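Rule-based calculations on the coordinates, nothing more; no lab input. Keep in mind the model is a prediction, meaning the values are calculated, not measured. Because the Cβ atoms are built from the backbone with ideal geometry, glycine has one as well, and the counts that use them run over all protein chains shown.
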Amino acid sequence: MSIPSELIGSVPRPQELLSATAGHAAGRIHDAEFAEIRQRAVQDTIARLESLGSPVVTDGDQAKPSAYTYPIAGADNLADDGFVIPFADGHIRTFPRLTSGPFRYRAHADQYLRSAQKSATVPVKQSVVAPSLLSLLYPADGISGYSRETFLDDLVAGAEADIRGCLDAGAHVVQLDFTEARLSLKLDPSGGLLRDLVALDNRVLERFSKAERARIGVHADPGADQGSTHSLDIDYAELLPELFKLAVGNFYLSMAGEAEPDRVLTVVAEQLPADARVFVGVIDPIDPVVETAEQVRDRVLAAARHLPADRLGTCDDSGFAPFADDVSTSRETAFAKIRARVEGTALAAEALGL
């Protein structure tokens, strides 16, 4: 395929894994059995993606407790009353709060990557949580004996190791999930919070060479959980100038769910860094209607009116289930949408003579 096409990351979990997760939390399923069930879900996910012709696969986040909290799962210095993400339909997601230092990654994403690579016959992409999101674990009133500056130093070191481990393991690309970027403009319309988050992520990214950064990307979306978003009302045009300051080679942008995609693409074309590629979202994961390959083709061709084909890729607007308990989209619907993206991207490439 001459136009690259990639998943963002997560795929809804099969019922066996959902039931096992609950059973493991309740102590009814032991660790070894739970690990076997998770690995079966990974193998099935990759096999399904490859059967659809997906040129790049992920493990669907099958083994992660969530796309955002995998580095800290099981830590004993966390409380459950931290940063709150409010969604448009009224539900919320609450992140942990760090109660004491030091902050340490308890798990790194390369373990998921290496496990997926055992089952895959095509390149494997690995998503990681952006350090900017993990920075929100630190409480506003501080922690006695553990300064915010020391916390950020520890966080930057952990994030570098998380990304570098995936690059060293042969990830096709490492994608930073920066879901809080757009939300930050709702929390702080001045843009100060967004600038701080971008600056922190760049502290990590500057530790990598230009060649390494070409294999790193960032995903920014309005959220997708239980059929709702957290910041779709925030104009992408307000976000993109700051987002494009991130020192990465790939940007993954939601576009299928945008009300005015052409206007946003005009901004993208004007401001996209000269050495970067943009992956345009052509699938809306929270829309229950499965897109057709022809709809995807037309969305790609619309994007190609703004961007040269050699700087264009396609993706889904977001992961289908970044939180493990989200069953608002079925596994079968997700795979049908992925098929439409793969086939529609190929149709667009053919129409463009690529």
Original post:
Roughly what would the spin-label model give for residue 237 and residue 25, points 7 Å off Cα along C-beta, in nm?
Top reply: 4.2 nm
**OP:** Work out the FRET efficiency for residue 73 and residue 209 from their Cβ-Cβ distance, taking R0 = 25 Å, and round it to the nearest 0.05.
**Re:** 0.25
**OP:** Counting helices only, and only those DSSP H runs with n ≥ 4, report the 222 nm mean residue ellipticity of the chain as the sum of -39,500 (n - 2.57) divided by its residues, in deg cm²/dmol to the nearest 500.
**Re:** -12500 deg cm²/dmol
**OP:** Kindly list the residues of the range 139-158 that lie in the label zone of residue 199, defined by a backbone N under 17 Å from the point 7 Å along the Cα-to-C-beta vector.
**Re:** 148-156
Original post:
Can you give the extra length, in nm with one decimal, that the chain gains between residue 352 and residue 122 once fully stretched, where that is 0.36 nm per residue apart less the Cα-Cα distance?
Top reply: 80.3 nm
Subject >> Cα centre as origin, Lys/Arg/Asp/Glu Cβ charges: the range 213-354 dipole, Debye >> reply: 640 debye
Original post:
Among 193, 313, 92, whose Cα lies farthest out toward the positive end of the dipole of the range 5-351, if unit charges sit on the beta carbon of Lys, Arg (+1) and Asp, Glu (-1)?
Top reply: 313
Original post:
On the first, second and third principal axes, largest extent first, how far apart are the outermost C-alpha atoms of the range 133-219 in Å?
Top reply: 40, 32, 16
Original post:
From the phi of every residue in the range 71-87, what ³J(HN,Hα) in whole Hz does the Karplus formula 6.51 cos²θ - 1.76 cosθ + 1.60 yield, where θ is phi - 60° and glycine or proline is x?
Top reply: x, 10, 4, x, 5, 9, 10, 10, 10, 9, 10, x, 4, 10, 9, x, 9
Original post:
Assigning unit charges at the beta carbon (Lys, Arg +1; Asp, Glu -1) and nothing else, what dipole magnitude in debye, to the nearest 20, does the range 5-351 show about its Cα centre?
Top reply: 740 debye
Original post:
Pick from 130, 67, 214: which is most flexible by mean-square fluctuation in a GNM of the chain where alpha carbon atoms under 10 Å apart are linked?
Top reply: 214
Original post:
What is the gain in length, in nm to one decimal, between residue 33 and residue 50 on full extension, counting 0.36 nm per residue of separation less the C-alpha to C-alpha distance?
Top reply: 3.5 nm
Original post:
Label residue 100 and residue 40 with points 7 Å out from Cα along Cα→Cβ: what is the distance between them in nm?
Top reply: 4.0 nm
Subject >> Computed label-point distance, nm, for sites residue 186 and residue 311 using a 7 Å Cα→Cβ extension >> reply: 3.0 nm
Subject >> Three-way shape call for the range 213-354 based on the alpha-carbon gyration tensor, with the a/c threshold at 1.5 >> reply: oblate
Original post:
Measuring from a point 7 Å past the Cα of residue 226 along Cα-to-C-beta, which residues in the range 59-89 have an amide N at less than 20 Å?
Top reply: 65-70, 80-89
**OP:** Taking H placed 1.01 Å from N in the peptide plane, check which residues at least 5 places from residue 128 or on another chain put their amide H under 5 Å from its amide H.
**Re:** 175, 176, 177
